[in-house]
Structures are given as structure tokens and as C-alpha cells.
Amino acid sequence: MDKMTQTSLLAPLTVIGLMSGTSADGIDACIISTDGIGATRTGIRGSFSYRPDIQRAIVAARSDPSSWLAEPNRREALINAITQDHASAVLALAAETDMPIDLIGFHGQTVYHNPAARRTIQLGNGRMLAQMTGIDTVYDFRHADMEAGGEGAPLAPIYHQMLATEAGLGLPVLFLNLGGVANVSLIEQDRLTGCDIGPANGLIDEYCQIRLGLSFDKDGARAATGTIDNSFVEHALQHPFFSKQGPRSLDRATFADLLDDPRITTAPAEDALASLTEVTARAIQLYIKLSGATPTQLILSGGGTKNSYLRRRIEAHLPAGITCITADEAGFDSDMMEAELIAYLAARKCANLPATFPQTTRASSPQICGVIAKAPQPQDSV
């Protein structure tokens, strides 16, 4: 999987990548030029909020997917509304450039992910998006991997490998995405591995929303004034997920029961947030210890990079010799990295190049991921 051994017959495409994370606060969109091997950022990017009623409906669907799935009319209405919001984002971004857009990469809104049940749900209609925008659209990036026995996640390692190669980073290097969950890509000289490793912002944000009526703990300010309950942290790290080895993935709700622990529900908010933040930091330490990874550099991306307290706690638990920097500090775009990834994977689909591998998702073989929805062609005039 050395990037230098890959070839693409695809001419570079101008691609819009669309990503909405598990926080469900909106859509990140960007434009890159890529042939599915290399990629160039154009600097054209934007974040677009969901309409408030759509965001509430997404959170409700995520909280109780079984009940939501049982109501087909409500399900279809939400899928269509999410697709409409993505189409609006595409058209707004496309209006910022004279470049013709060749392709859209459309991840959709995840509300459920259970690899053990071979089930993952990303809301959105790729065919409708292609019709609404008039642009070919690649969507449904996870099912092919799961059908091949994979976890359906993470998708990012092949893109992180490209970034590391293009930037000439010293290897080995570890990319850590801090979204609703935490996932890593370990790029070594002759090997690429990846997996989800534990909670990231998910537990912290959920606590803030339920207990404090806030979207998140801005900059980790509340957690920074709290006291960590180490007995709770040690209890959390006994979760069966942490004993798994090799490629693995999880859902934002995997650790939700931790929020019902009395050491969280009865603690002052600052102490609870400090303890939940510590679980994320310790999960990263645990991954490095159990995997035997020896990176010289840790590159942080995702929303968690804006939480300076979380970053300090991660750094406090790193082995000596590992430098921790953000993707922005490395010359990348932390906020848009996942949107860039989806654009990149869309091009790889068109180039018939694999997106996932046995050592990143546990799939039986490298998998070409995504489904192509062709835009309607204008009718020939009579």
C-alpha cells in the first residue's frame, strides 16, 4: 500500500467533499483536485448549519434508531431534508469558484453504526443529490467494506497516508481524529494500519447537552477547573472495547452507559467533565501501549483540537519522544480533513482504487468503496 506503487488512469477531478459528523451540527464542505492518489486543496471551503428542526430530528433518530426506523414516512422525510441541506451546501460552495465541479463525495449523516450486526446507517439520498445538483455523486462508502467482513470504519487511513507522503513527514507518524469518537491512522514505512480507539468528544458533548444545556465544553474550560475521579476512569477503561486488538470500530453510543455512572451523575459538572475528558486521553495512551506503536509525531485533527484541556491531557500521557501537534500546525486543514477525505474517496471510487484494507478495517481484501449516482443528462433537443 505504498502510495508510490499506486497508479491512476483518472485525470484530476475537481471534487466537492461533504461530511457531517456525529455531533450533527452541520455540514463541512470543501473542494479539492484529485486523481485518487494525490490531492491538492483549493482553499474553497465552508461549514453550513443544518436547519434547527433537522438537527433536532437527527439527534432524535440517533438516540432511538429502532423506533425511528419503524416509521417510514418520518424516515423518508428526514432523509430528503438532509439531502436538501447538502444540496444547498454544494450549490453555495460551487458558486464561489469558476471551476466546473466534476464530482461530489457525499458521506451522509451517521445515526447508527454496529459492525457486529453488519449494520451502519448514513442518512441521505445520493441519487437525489445528483439530481438536485446536476453533478455525479459518490455515496454509501461503508457497506462494501462491511459486506467483505470489515468494520466499515475507519475510512481515513488511506487519505492520511497520502497527506504524510505528500508532506514528506518523518515516519512513523500517527494521525488522531477527535470527533464524536477517536480514530487513528498509523503510517509506517511499509505498513498502514488504523482503527477506532475510544470516545473523543462524544461523551463530553453529550454530558454538556444533557446536564448543562450547552453544546460542548468550550476550550475544555469547565473540565480544566475540575478534579479527575481516577476510580471512574479506571472503571471506564475496563469496557470490553478496549481489550480488542487490531482493526475495530465503534458507535458514538458505545460508551453512553458511562454517563449514568453515579460518579458522573452526582459529581459537580466540572469534575464530571474532567473525568470524561481523562477517559479520552487515557484511551489514546492505552492504544499506543497495546499496539506497540512507536510514532515520532502525533497529529491531531477534528473538533477536539479546539479543546486545549483535552490536548494537554493527551500530551501528559504520551510516551517520551512523541511530539504532539495539530493538523493545522502541520500545514493541513484540521476542520476540513474529513470533508477532504470524502472527496478523495469519491475520486478513488471513480479510479477503481481501494479505500479500505484488511489492516485498517478487517475486511477480507482491499475494498473499492462507494456507489456512483450519475447526474441526469440534458435531453437532446428535437
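Coordinate-derived values only; no laboratory data. Not measured: the values here are computed from a predicted model. As a convention, Cβ positions derive from the backbone with ideal geometry for all residues, glycine included, and neighbour counts pool all protein chains shown.
Across the options Phe106, Ala148, Ile79, the greatest Cα extent toward the positive end of the charge dipole of the stretch 27-153 (unit charges at beta carbon of Lys, Arg, Asp, Glu) belongs to Ile79. Each of His317, His113 was scored by other Cβ atoms within 10 Å of its Cβ. Arranged with the fewest first, they read His317, His113. Counting only DSSP beta bridges with both residues in the chain, the antiparallel share comes to about 70 percent.
Our helix-only sum for the chain, with -39,500 (n - 2.57) per DSSP H run of n ≥ 4 divided by its residues, gives a mean residue ellipticity at 222 nm of -10000 deg cm²/dmol. The charge dipole of the stretch 170-326, taken about the Cα centre with unit charges on the Cβ atoms of Lys, Arg (+1) and Asp, Glu (-1), comes to about 300 debye, rounded to the nearest 20.
Kindly work out what percent of the DSSP beta bridges joining two residues of the stretch 170-326 are antiparallel, to the nearest 5. All intermediate terms of the calculation are to be shown ahead of the outcome.
Working: 13 of 22 bridges.
DSSP beta bridges in the stretch 170-326 are roughly 60 percent antiparallel.
Under 12 Å from the Cβ of Pro12, count the other residues' Cβ atoms, weight Lys and Arg +1, Asp and Glu -1, and hand me the total. Overall, the nearby charge balance is -2. Relative to the longest principal axis of the Cα atoms of the chain, the long axis of helix 269-291 makes an angle of roughly 70 degrees.
Answer with one residue from Thr265, Ala182, Ile299: the one whose Cα lies farthest towards the positive end of the charge dipole of the stretch 170-326, charges on Cβ with Lys, Arg +1 and Asp, Glu -1. Ranked along the dipole, the leading option is Ile299. Between helix 52-63 and the chain there is an angle of about 60 degrees, using the helix long axis and the longest principal axis of the Cα atoms. Under a model in which nothing but the beta-carbon of Lys, Arg (+1) and Asp, Glu (-1) is charged, the stretch 1-149 shows a dipole of about 340 debye around its Cα centre.
The local environment of Met337, defined by Cβ-Cβ distances under 12 Å, has a net charge of -4 under the rule Lys, Arg +1 and Asp, Glu -1. Between the amide H of Gly198 and those of Ala182, distances stay under 5 Å, these residues lying 5 or more places away or on another chain, with hydrogens modeled in the peptide plane. Magnitude of the charge dipole for the chain, about its Cα centre and with charges confined to Cβ atoms of Lys, Arg (+1) and Asp, Glu (-1), is about 500 debye.
Look at the Cα gyration tensor of the stretch 76-207: its axes a ≥ b ≥ c give a/c of at least 1.5 with a/b at or below b/c, and that counts as oblate.
Computed 3J(HN,Hα) for the stretch 109-118, one whole-Hz value per residue from the Karplus formula 6.51 cos²θ - 1.76 cosθ + 1.60 where θ = phi - 60°, is 9, 6, 10, 7, 8, 9, x, 4, 8, 6, glycine and proline marked x.
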